[in-house]
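These notes are about the structure you will find just below.
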């Protein structure tokens, strides 16, 4: 990605963050919960989709920003997430997560992003080499 595009991406991200901060106030770290299986299992399908879309959008921004000089797997989990999730749909990811939490009710405190890593990304990396 050339310098001009990177500058535009940074400016856009900065403007978006500023707008969100001004519109809703600055969130304290303790106000932003880590989404766990407890949250997941109580969420509606549209909320689950919104969570996954948000997660993938963050990754897409990072991939676009790093284009031209992508970080190695040792420097970032984003390239591995992208390869591991290749071929997944929102519906298939939701079904996998729903099934895992249903089979593991004693692990509802496990963060959803951790479950995504071990139940979707890691198996996907083996398939998408």
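The values are calculated or read from the model by the stated rules, or taken from the named source; none is laboratory data. It should be emphasised that the depicted structure is a prediction, and the values quoted were computed from it without experimental measurement. Every residue, glycine as well, gets a Cβ built from its backbone with ideal geometry; the counts of neighbours run over all protein chains shown.
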Sort out which residues of the stretch 103-113 are surrounded by 12 or more Cβ atoms within 10 Å (Cβ to Cβ) and part of a loop (DSSP other than H, G, I, E, B), and write them in order of number. 104, 108, 110
Among the residues of the stretch 31-53, the number that are assigned to a helix (DSSP H, G or I) and either farther than 16 Å from residue 97 by Cα or in contact with a helix residue (DSSP H, G or I) (Cβ under 8 Å, 6 or more places away or on another chain) (or both) is 11
Can you find even one residue in the stretch 16-28 that is touching a helix residue (DSSP H, G or I) at 6+ places or on another chain (Cβ under 9 Å), modelled with pLDDT under 90 and under 29 Å from residue 101 (Cβ atoms)? yes
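Let's see how each residue does on (1) out of contact with any strand residue (DSSP E or B) (no Cβ under 7 Å at 6 or more places or on another chain); (2) under 16 Å from residue 48 (Cα atoms); (3) part of a loop (DSSP other than H, G, I, E, B); (4) free of Cβ contacts under 8 Å to residues at least 40 places away in the same chain:
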site	(1), (2), (3), (4)
68	yes, no, yes, no
73	yes, no, yes, yes
83	yes, no, no, no
87	yes, no, yes, no
97	yes, yes, no, no
101	yes, yes, no, no
115	yes, yes, no, no
122	yes, no, no, yes
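When you look at residue 76, is it within 16 Å of the chain's Cα centre (by Cα), assigned by TED's automatic domain parsing to the domain that holds residue 122 and more than 28 Å from residue 38 (Cβ to Cβ), yes or no? I'd like the intermediate steps shown before the answer.
Numbers: within 16 Å of the chain's Cα centre (by Cα): yes; assigned by TED's automatic domain parsing to the domain that holds residue 122: yes; more than 28 Å from residue 38 (Cβ to Cβ): yes.
Yes; evaluated as a whole, the condition is true for this residue.
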